[in-house]
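The values are calculated or read from the model by the stated rules, or taken from the named source; none is laboratory data. Keep in mind it's a predicted model, so treat the numbers as computed, not measured. Reconstructed Cβ throughout: ideal geometry from the backbone, glycine too, with neighbour counts over all protein chains shown. For accessibility, only protein heavy atoms count, side chains too; no ligands or nucleic acids. Shrake-Rupley method; radii C 1.70, N 1.55, O 1.52, S 1.80 Å.
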Amino acid sequence: MLPVTDRNKRIYFGDYKLNDENALQAVRCAVGDAEATRPPADLSGRGIVIPGGGDKYLPGVWINVRMLRHHGCDLPIQVWHLGPGEMPERMRQRLVEHGVECVDARKLRDERWPHRKLNGWELKAYALLHCPFAEVMLLDADNVAVRDPSFLFDDPAYLEQGAIFWPDRGRWKRDNPIWKLTGIPYRDEPEIESGQIVIDKRRCWQALLLANWFNEHSDYWYKLMHGDKDTFRLAWRAMGQRYALGDLTIRGGVFVQKWRGQSLFQHTAEQRKMQAGR
């Protein structure tokens with residue numbers, strides 16, 4: 001079974017499994033469905049989404065929220081988690097005191113927006129897609145802002161292109177099978193690191209739908225790439241959507257994401273390793 005579009009114009013993909021023989025056809029179907037879909041009319045405002053919960057990630061969530069508020073960031077923040085077991089009531093109440101709304105993604109999946117696979121990495125695209133913000137910044141739970149990042153929403157590069165990503169260390173080669181399997185022409189460009197993303201959802205809705213689809217079929221696509229991070233790059237390229245690219249510096253195992261020469265976020269190699277285990 002291949003993808004169909006539901007009557008509410010929200011893409012729903014059935015429980016079919018991809019393989020090397022049907023992947024390209026499925027990508028083309030997903031692109032076509034995404035192109036025919038428009039963003040919801042009720043998107044509004046700007047906000048930050050932090051996916052994370054449970055004993056491993058809640059300490060990072062807490063530090064991240066406190067650092068954002070410490071730097072003067074007053075944007076609304078949503079913390080998306082997977083089930084009530086990942087968000088104890090005591091922690092939820094403490095986060096609420098700092099203007100944070102906690103969102104149970106599994107409850108939404110079961111009651112409103114079905115999703116074939118929804119684990120830690122898959123949660124990122126799902127939260128970006130279904131959060132109420134028209135413009136959204138995603139931050140990993142353990143990727144700490146070293147200054148208020150709110151200004152990114154008014155940066156000329158973001159206003160022109162509608163999205164900002166940051167590079168990772170690697171680059172896919174021309175002979176990587178991913179190009180043939182997706183039908184996307186080869187590009188000599190850096191991989192994407194998805195610990196921080198800024199998106200205008202109204203302008204990038206189709207690309208975001210496609211990124212979510214890649215993650216919905218993570219049992220196939222994650223074998224060809226490291227988790228969710230390059231699903232965004234593939235989706236943006238497949239839909240012909242542009243994005244601005246920040247800078248990356250690595251200092252003693254710490255990934256420092258910069259914007260216009262200034263440090264903005266930092267993410268340690270050990271934290272990234274922990275994240276891979278989610």
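Backbone phi angles across the range 236-250, fed through the Karplus curve with coefficients 6.51, -1.76 and 1.60 (θ = phi - 60°), yield HN-Hα couplings of 5, 5, 4, 8, x, 9, 8, 8, 8, 10, x, 10, 10, 10, 10 Hz in residue order; Gly and Pro are listed as x. Put simply, the range 42-95 fits an ellipsoid with semi-axes of 20, 15, 9 Å; these come from the alpha carbon gyration tensor as the roots of five times its eigenvalues, largest first. Computing FRET efficiency as 1/(1 + (r/R0)^6) for residue 44 and residue 245, where r is the C-beta to C-beta distance and R0 is 35 Å, gives about 0.80.
Would you mind classifying the range 90-249 by shape? Square roots of the alpha carbon gyration tensor eigenvalues, ordered a ≥ b ≥ c; an a/c under 1.5 is rounded, otherwise it is prolate if a/b is larger than b/c and oblate if not.
Details: a/c = 1.75, a/b = 1.27, b/c = 1.37.
Because a/c hits 1.5 or more and a/b fails to exceed b/c, the range 90-249 counts as oblate.
The residues of the range 90-222 present an accessible area of 38 Å² per residue when probed at 1.4 Å with all protein chains retained.
Normalised by the number of residues in the range 132-262, the average gap of Cα pairs under 8 Å and 6 or more apart makes the relative contact order 30 percent. Can you list residues whose amide H is under 5 Å from residue 87's amide H, if they're 5+ apart or on another chain and H is modeled 1.01 Å from N? Here the answer is 54, since their amide H atoms fall under 5 Å of that of residue 87.
Evaluating 6.51 cos²θ - 1.76 cosθ + 1.60 at θ = phi - 60° for every residue in the range 200-209, the Karplus couplings come out as 8, 5, 5, 7, 10, 4, 5, 5, 5, 4 Hz, glycine and proline recorded as x. For residue 173, the lysines whose Cα falls under 20 Å of its own Cα, not counting residues fewer than eight places away in the same chain, are 223, 229. Computed from the Cβ-Cβ distance with R0 of 51 Å, the FRET efficiency linking residue 55 to residue 188 stands at 0.80.
Diffusion coefficient (Stokes-Einstein, Kirkwood radius over C-alpha pairs, 25 °C, 0.890 mPa s) for the chain: 130 µm²/s, rounded to a whole number. Counting only protein heavy atoms and a probe of 1.4 Å, the accessible surface of the range 48-149 is 49% carbon and sulfur. Tell me whether the range 84-139 comes out rounded, prolate or oblate; compute the Cα gyration tensor, take square roots of the eigenvalues as a ≥ b ≥ c, and use a/c under 1.5 as the rounded threshold. In terms of gyration-tensor shape, oblate.
Here the extension length gained between residue 113 and residue 98 equals 2.6 nm, from 0.36 nm per residue of separation less the Cα-Cα distance.
In the range 168-256, what percent of the accessible surface is made up of carbon and sulfur (1.4 Å probe, ligands and nucleic acids excluded)?
In the range 168-256, the share of accessible area belonging to carbon and sulfur is 46 percent.
Computed on protein heavy atoms with a 1.4 Å probe, the accessible areas place 249, 182 in the order 249, 182, largest first. In terms of its Cα atoms, the range 167-278 spans 37, 30, 27 Å along the principal axes, sorted from long to short.
First measure r as the distance between the Cβ atoms of residue 20 and residue 154, then evaluate 1/(1 + (r/R0)^6) with R0 = 35 Å and state the FRET efficiency to the nearest 0.05. List each step's numbers first, then the result.
Values: r = 44 Å, r/R0 = 1.26.
The value I calculate is 0.20.
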